[in-house]
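I have placed the structure first, in the form of structure tokens, so that the comments after it can refer back to it.
The values are calculated or read from the model by the stated rules, or taken from the named source; none is laboratory data. Note that the structure is a prediction, hence the values are computed from the model and not measured. Note that each Cβ is placed from the backbone with ideal geometry, even for glycine, and that neighbours are counted across all protein chains shown.
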Amino acid sequence: MTLKLDKSAWKRVAFGDVVRNANETIRNLDAAGIGRIIAMEHLDPGELKISRWGSTEDGTTFTRRVRPGQTLFGKRRAYQRKVAFAEFDAICSGDIYTFEADETQILGEFLPFLVQSNEFFDHALGTSAGSLSPRTNWRDLASFEFELPPFDEQMRIADLLWSIERHRLQLVNVAAKLREAATMLIEDLRGSRRAVKYVRDVATVRNGQNYPKSMQDGRAGDVPFFKVADLDRPGNERYLTNPGGWVTADDVAALSADVLPAGTVVTARVGAAIHLERRRALAAPALVDENHLIIRPHAIDPAYLLAVLAETQLARSSNGGVVPSLNQQIVGGVAFPDLPHGAERRVGAAYRTIGDFRDGVLHEVTSLTGLRTAVLIDVFGGN
């Protein structure tokens, strides 16, 4: 996207000449009516909205005041890209700068997008010092130079970016509600007084197969091949449709490989990946590597099995140690409501429908995030 901006009237300025680092301290929080605390962990990378905070009732050593309309910037580990727009009074960590626009030169609504820009972050990273917890400082940030549009252009750009941001946040909230609906669908069944079955009663649980490295990254072949890392590839949010490699029919025959049928559920078997709690089902016959645990249904609707396992926290039951792991006994021991087969199909189909709708919403969120990035690059430069 390009805005076809005429920048001939834009003027080059230093950040510190149009923005003030407020750095206001406050001691008597009760007198000021301040009850919220913003720490670094409350700033979400890439999100201008502050949706989480702490309470002053729990005690705090923070003294930096936050006022509505300020732009907040996490100066520690700037690569995390923590920027927010304050909508309420609070106090915050000393690792958060509180920027205020000089409204005679730059609009407060325009400022957070400037601070979100790649050019500003590149400058912040380039001026950060320290090995374990690098920080930038106000003096270096104040020297950042950029092209500042006239007020009417600032307003037009800010209106566009805030419109994108509001729509994106609305969709994020819709996706969260859909996720909650999917969870409640299974939790309500679990909360009912129904008889239960166990995964071991309705599915075969085993480890994935070890394949030669030379087979795992084939760009062409007859059978899709998935590694654990492929669970996060685009298009693999619930059903695996986008393999990282392919295996030829000749290699499958030579190894007597067990090609898994569509509907087979897989999850990470070892390592930190199990804490991501990802369950996926094969959309078509495929092979998976030895780092997967395979749950192959034989007496349960496959979509219902996926729903049950997707809504089960397995990591808490994993074998501890340096390298956590799941095994057949842990997964096979998962209990779930025993439903008639027709009811299984309906619940599985409903869970999949909710998931498909949510995937579509999240795709739109991704598109809007990309649009925001493109506009920022068009306005402020950078890659």
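Given the residues A262, A253, A249, which is the only one that is of a type outside the set (D, E, K, R) and modelled with pLDDT of 95 or more?
On inspection, the qualifying residue turns out to be A262.
Pick out the one residue from R135, R139 that is modelled with pLDDT under 95, charged (D, E, K, R) and either surrounded by fewer than 19 Cβ atoms within 10 Å (Cβ to Cβ) or under 26 Å from the mean Cα position of the chain (by Cα) (or both).
Values: R139 fails: modelled with pLDDT under 95.
One residue alone meets the criteria, R135.
Which of the following residues is in a strand (DSSP E or B) and modelled with pLDDT of 95 or more: T204, T183?
From the options T204, T183, the qualifying one is T204.
What tally of residues in the range 209-224 results from selecting those that are assigned to a loop (DSSP other than H, G, I, E, B), out of contact with any strand residue (DSSP E or B) (no Cβ under 6 Å at 6 or more places or on another chain) and either charged (D, E, K, R) or at pLDDT 85 or above (or both)?
Of the residues in that region, 4 qualify.
Is it the case that some residue within the range 234-248 is without any contact (Cβ under 8 Å) to a residue 60 or more places away in the chain, of a type in the set (G, A, S) and assigned to a helix (DSSP H, G or I)?
Looking for residues that are without any contact (Cβ under 8 Å) to a residue 60 or more places away in the chain, of a type in the set (G, A, S) and assigned to a helix (DSSP H, G or I), one finds none in the range 234-248, hence no.
Being in the same structural domain as I377 (by TED's automatic domain parsing) and buried (at least 20 other Cβ atoms within 10 Å of the Cβ) narrows it down to one residue among I157, I106; which is it?
I157
When you scan the range 306-325, do you find a residue that is crowded, with 21+ Cβ neighbours inside 10 Å, in contact with an Asp or Glu (Cβ under 9 Å, 6 or more places away or on another chain) and either under 20 Å from Y211 (Cα atoms) or of a type in the set (S, T, N, Q) (or both), even just one?
No, the conditions are met nowhere in the range 306-325.
Residue by residue, here is whether (1) at pLDDT 95 or above; (2) more than 30 Å from the chain's Cα centre (by Cα); (3) aromatic (F, W, Y); (4) over 16 Å from A158 (Cβ atoms) holds:
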{"residue": "K4", "(1), (2), (3), (4)": "no, yes, no, yes"}
{"residue": "K11", "(1), (2), (3), (4)": "yes, yes, no, yes"}
{"residue": "D17", "(1), (2), (3), (4)": "yes, yes, no, yes"}
{"residue": "T25", "(1), (2), (3), (4)": "no, yes, no, yes"}
{"residue": "V66", "(1), (2), (3), (4)": "yes, no, no, yes"}
{"residue": "T71", "(1), (2), (3), (4)": "yes, no, no, no"}
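Out of A101, A78, I need the residue that is in contact with a helix residue (DSSP H, G or I) (Cβ under 8 Å, 6 or more places away or on another chain), small (G, A, S) and touching a residue at least 60 places away in the same chain (Cβ under 8 Å). Which one? If you could, list the steps in order and put the result at the bottom.
Working: A78 fails: touching a residue at least 60 places away in the same chain (Cβ under 8 Å).
Only one candidate qualifies: A101.
Hey, can you tell me all the residues within the range 22-52 that are under 30 Å from L371 (Cα atoms) and exposed (fewer than 15 other Cβ atoms within 10 Å of the Cβ)?
E41, P45, G46, K49, S51, R52, listed by residue number.
Within the range 109-157, take every residue that is in a helix (DSSP H, G or I) and polar (S, T, N, Q) and give me the one that is nearest to L3 (Cα to Cα).
First, the residues of the range 109-157 that are in a helix (DSSP H, G or I): 111-116, 118-126, 138-142, 151-157.
Right, trim to polar (S, T, N, Q) and you get 116, 118, 154.
Working: Q116: 18, N118: 18, Q154: 13 Å.
Residue satisfying both the conditions and the ranking: Q154.
May I ask you to list the residues in the range 1-38 that are of a type outside the set (D, E), assigned to a loop (DSSP other than H, G, I, E, B) and within 16 Å of F99 (Cα to Cα)?
Result: A22, N23.
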